[in-house]
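Heads up: the structure comes next, in structure tokens.
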Amino acid sequence: MTSTPRWRRFDEWDTRQLRHDLFAAEDVEAGFATFHSPWDPAPSARVENGRVVEIDGKAEKDFDILDAYIAAHHLDPEVIDEAMAMDPVDVARMLVDINVPREKLERLARGMTPAKLVSVVAAMSSLEITFAYSKMRQRRTPGNQAHVTNAKDDPLQLAADAAFAVALGFDEIETTMRVASNSWANAMACAVGAAVGRGGVLFQCSIEEAEELQIGMAGFTSYAETVSVYGTEAAFVDGDDTPWSKAFLTAAYASRGIKARCTSGASSELLMGFHERQSVLYLEARCLCLQRAMGVQGTQNGGIDGAPLTSSMAGGMRELMAENLIAVWLGLECASGNDTRVSESEIRVGAKITPYLMAGSDLICSGFGSIRKYDNTFNPSLFNGEEIEDYLTLQRDFEADGGLTPITESSVEQLRMRAIRAIAAVFEELDLKKVPEEWVQSVATASGSQDTDSFNPGEVTRISEAIRTRGLTAVDVVRALSRRGFGEEAENLLFMLRQRISGDYLQTSAILRDGRIISALNDPNDYQGPGSGYRMSDARWQAVCEVRGLQTRASVLERERRHDPTTTPWLVATGEAVKGDDPRDIVIGLSPAFGVELTRTTAGHDLIDVVLALTEGIREGGGTPRLVRMRHTADTSFLGLTAARLSGSGYGIGIQAKGTAVIHRADRLPHMNIELFSNAPVTTLEHYRAMGRNAALYAGGEAPEPIVVPVDGQSLAARYHVRVAMLYAIETGLVVADAPPLELSMTLGQGGIPT
Amino acid sequence: MTDPLDLYPISENAPELAVSASGMPLERLTLEEVLAGRVAATDIRISAEALRLQAGIARSAGRDRLALNFERGAELVSVPQDVILETYEMLRPGRVTDPALLTARAEMLRRDYGADAIAALIDEAVAVYARRGLLRRRY
């Protein structure tokens, strides 16, 4: 028996980035289940004497630590009977119903067990979940969070990158260290960098709790999201905590004026080996009920570290959106994941973010990598420094506010340099380090830490240790900045210290915008259908539109119209064109702007060279070229057909200034041409020469091989159509309906061609 | 009585109510004061009063769980850092094998700092830890 040969398409597919991704088959026993597992309990709850004595099929005596905490602090006995009795599909419909207020649904959630919440969102499609999320999320104005880390823990680059992240519009900045003992230096560097420019950005340094509290107390940081919770008792204990220890820690953060959010996400229990064969969404629902119970204002969820594993499962991305929906439905601020890189496929990455861009989120990414992938100490994010401009473009494509704003090259460079100088000045003022000028210059231009000649981690450790042992605080940094002439930065940092005294940013979904607190309290999401909820202001939309490399008509014409009115015209009209009678006669019909207002094809060929190639080709094929200026049309087909009808041979060529060309015959319908070069950007002079030759060969009664302009699959439309449309408008603007074609003579400096 | 929600944000609507843990009013936290060396680390710490105000605001906004957390936070404002970290450590699984130690810690916090809500949280933990076998050494 002969084997069927392998289709080579599979070889090509094998080389695509997608094939690096692993896809897991559903396997409930191994914990690979997204929305349903036979081991998930059926929703139930029972109240006796105002006390919850049963949750999801489990009696009080069997409650594990999560059940016990949820029963005592999440479930509202006043709402349980009503909420648990509702049909899940009815509740799902309420979630997408613009006429049912968010508050009404939040009240019902307070009476629902984890299994009940899951039964509702499991009834919803990805689109419905996205829509419900846009309605249920807490703060009206969407925001975003950046990772600012550095593989060398280089304070200079951290400061510059923090300033860059702030300028891009991130509302929160999160750092962590390659070397744990560098935490104080990283915190100081990022705090200084974040004070350059607009200021007013929340900042966290992710490290072990005791240290994080200390750094927060010193005034460097303003929020924490390291309060991790897990969906099974075994995973929780293995994570070295309990709901009570985490609730205590949450209160401790509040007591130090530090905004806190919990972290949880699908598949973390799977990664830790304690999944109890339950679906990842059910376990996450337990985490989220627990978080509300603990009184934390918000959550970082949507897979997080487990997002790639969840995305390997069928429906995994829908699951990640579903858990985000449960979070906001429970009234929690949601930093909605989109941090860990879930795929090597750029298509999957783009698709992953799109629902969030459209729905908006308190913090769309709970860590957008603002630095290069290799510098991200947390691991690569869904989006990274490499892909920031893709993200900015998606905002513009969908008219969606993803929280970021395009910035100009010169302003970025100034901000970065200022940040580097500011941290260097602070280090010097506080006797921590005299920074060499070469380091400053090296960091200013470097894209990432691999390009720098600057601090090494060991040196940073000494500085970090000095900051810690000397008890330096943000107040010392404010003073140092001011003394060294960084008055604006000193004020920005001081502004953040003032914020912590009022505690305003401790409330749900609080961020700072333009020096003011906005949160779910004073900027509540009030979406109730079209015409309500968040809409970009005109000014905001204009800012989002200003992506780099924007083509304007003026800039395109400036570049493309190399028209010098003082030069002698090389195409001179000699009178009205008439039909030729020579059977070798081949007319080339030139468009209205050809060689006058427009002088180059989109491939960059000078139109003189194009005409020479065509005419030489015609002669090679035994024809006699004749040039005619068309004024009644700029369309290739009609240029070609008109030329053919003027030709003694009956064959003509039509060509536009941008280079699109056609061979036509007098007796054909306008759009039934003989040969067409539609892809002007990849058409060479040799192709034009061959086209001329073929036209003459057709006229001589031969059947030449048509000219093929090879394409390699580039999107010529994406690359050229903006320019083409602007240039073509010049041609059509010159069209005069009834103007007759004009005979042309070609006069070039060195003799030109005979006509 | 006015709705506490009207106070929010306090920094804009009632800055006079924002006083740091050391008693420094918000408006005194200026660059001049910092340069004059009149601002210390305790001056940039939130006060229990501010947290209780925020608790009232959260409750008025229908967020009673958050309000309770702010009230627990208010109780911890005057608790020294080492006591906080030690208590947190004791609440971690398996750190304490004798429930009486946790109960004593709760009693101390109640007595010395008036931390009734925190103490109640610890007492609740003791009962569950005992039932779930978490009062067992892990290392």
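The values are calculated or read from the model by the stated rules, or taken from the named source; none is laboratory data. Since the model is a prediction, treat every value here as computed from it, not as a measurement. Using ideal geometry, Cβ is built from the backbone for each residue, glycine included, and neighbour counts are taken over all protein chains shown.
Taking the stretch B:18-52, which residues are part of a helix (DSSP H, G or I) and within 7 Å of another protein chain (Cβ to nearest Cβ)? Hits for the stretch B:18-52 are B:26, B:31, B:34, B:35, B:41, B:44, B:50, B:51. In the set B:74, B:55, only one residue is within 25 Å of residue A:473 (Cβ to Cβ) and either within 7 Å of chain A (Cβ to nearest Cβ) or surrounded by 17 or more Cβ atoms within 10 Å (Cβ to Cβ) (or both); that residue is B:74. Yes or no: the stretch A:709-730 includes at least one residue that is more than 43 Å from the chain's Cα centre (by Cα) and surrounded by fewer than 23 Cβ atoms within 10 Å (Cβ to Cβ). Looking through the stretch A:709-730, none of the residues is more than 43 Å from the chain's Cα centre (by Cα) and surrounded by fewer than 23 Cβ atoms within 10 Å (Cβ to Cβ). Might you check whether a residue that is outside any helix (DSSP H, G or I), of a type outside the set (D, E, K, R) and modelled with pLDDT of 95 or more occurs anywhere in the stretch A:234-246? The answer is yes, given that some residue of the stretch A:234-246 is outside any helix (DSSP H, G or I), of a type outside the set (D, E, K, R) and modelled with pLDDT of 95 or more.
Taken together, A:212, A:225 contain a single residue that is within 24 Å of residue A:303 (Cα to Cα), in a strand (DSSP E or B), among the acidic types (Asp, Glu) and more than 7 Å from every other protein chain (Cβ to nearest Cβ), which is A:225. Total residues in the stretch B:124-139 satisfying the condition of being part of a helix (DSSP H, G or I), at the interface with another protein chain (Cβ under 8 Å from one of its Cβ atoms) and not basic (Lys, Arg): the figure is 4.
Against the conditions (1) touching a helix residue (DSSP H, G or I) at 6+ places or on another chain (Cβ under 7 Å); (2) part of a helix (DSSP H, G or I); (3) more than 9 Å from chain B (Cβ to nearest Cβ); (4) under 19 Å from residue A:72 (Cβ atoms), residue A:287 satisfies every one except (1). The condition of being assigned to a strand (DSSP E or B) and without any contact (Cβ under 8 Å) to a residue 24 or more places away in the chain does not hold for residue A:588. Just one of the numbered conditions (1) without any contact (Cβ under 8 Å) to a residue 40 or more places away in the chain; (2) within 14 Å of chain B (Cβ to nearest Cβ); (3) part of a helix (DSSP H, G or I) is not true of residue A:293: (1).
Kindly indicate whether residue A:397 is crowded, with 20+ Cβ neighbours inside 10 Å, assigned by TED's automatic domain parsing to the domain that holds residue A:194 and over 17 Å from residue A:370 (Cβ atoms). No. The residues in the stretch A:255-283 that are assigned to a helix (DSSP H, G or I) and within 22 Å of residue A:336 (Cα to Cα) can be counted, and the count is 9.
From A:103, A:60, grab the single residue that is more than 30 Å from residue B:93 (Cα to Cα), charged (D, E, K, R) and within 12 Å of another protein chain (Cβ to nearest Cβ).
The match here is A:103.
Screening the stretch A:429-527 for helices (runs of 4 or more DSSP H) wholly inside it with 2 or more residues that are within 31 Å of the chain's Cα centre (by Cα) and free of Cβ contacts under 8 Å to residues at least 60 places away in the same chain returns the ranges A:437-445.
It is to be established whether one or more residues within the stretch A:329-346 are surrounded by fewer than 24 Cβ atoms within 10 Å (Cβ to Cβ), more than 14 Å from chain B (Cβ to nearest Cβ) and more than 23 Å from residue A:26 (Cα to Cα). The answer is yes, given that some residue of the stretch A:329-346 is surrounded by fewer than 24 Cβ atoms within 10 Å (Cβ to Cβ), more than 14 Å from chain B (Cβ to nearest Cβ) and more than 23 Å from residue A:26 (Cα to Cα). Does any residue of the stretch B:5-13 turn out to be more than 9 Å from chain A (Cβ to nearest Cβ), among the hydroxyl-bearing types (Ser, Thr, Tyr) and either surrounded by fewer than 23 Cβ atoms within 10 Å (Cβ to Cβ) or not in a helix (DSSP H, G or I) (or both)? The answer is no, given that none of the residues of the stretch B:5-13 is more than 9 Å from chain A (Cβ to nearest Cβ), among the hydroxyl-bearing types (Ser, Thr, Tyr) and either surrounded by fewer than 23 Cβ atoms within 10 Å (Cβ to Cβ) or not in a helix (DSSP H, G or I) (or both). Of the set (1) surrounded by fewer than 19 Cβ atoms within 10 Å (Cβ to Cβ); (2) touching a strand residue (DSSP E or B) at 6+ places or on another chain (Cβ under 7 Å), all apply to residue A:587 but (1).
For the stretch B:57-65, the count of residues that are among the aliphatic types (A, V, I, L, M) and either out of contact with any helix residue (DSSP H, G or I) (no Cβ under 8 Å at 6 or more places or on another chain) or under 14 Å from residue A:244 (Cβ atoms) (or both) is zero. Report the residue count in the stretch A:1-39 for those that are more than 15 Å from residue A:282 (Cα to Cα), assigned to a loop (DSSP other than H, G, I, E, B) and under 31 Å from the mean Cα position of the chain (by Cα). The number of residues fulfilling the criteria is 8.
The single residue among A:124, A:188, A:177 that is farther than 30 Å from residue A:454 by Cβ and crowded, with 21+ Cβ neighbours inside 10 Å turns out to be A:124.
Please specify each residue of the stretch A:63-80 satisfying the condition of being part of a helix (DSSP H, G or I), under 28 Å from residue A:525 (Cα atoms) and more than 10 Å from chain B (Cβ to nearest Cβ). Passing the criteria: A:70, A:77, A:78, A:79, A:80. Given the criterion surrounded by 20 or more Cβ atoms within 10 Å (Cβ to Cβ), more than 7 Å from chain A (Cβ to nearest Cβ) and assigned to a helix (DSSP H, G or I), identify the matching residue among B:102, B:66, B:121. Checking each option against the conditions leaves just B:102. Of A:740, A:704, all but one fail to be more than 30 Å from residue A:554 (Cβ to Cβ), part of a loop (DSSP other than H, G, I, E, B), touching a strand residue (DSSP E or B) at 6+ places or on another chain (Cβ under 7 Å) and modelled with pLDDT of 95 or more; the exception is A:740.
The set of residues in the stretch A:198-211 that are more than 11 Å from residue A:172 (Cβ to Cβ) and surrounded by 24 or more Cβ atoms within 10 Å (Cβ to Cβ) comprises A:205, A:207.
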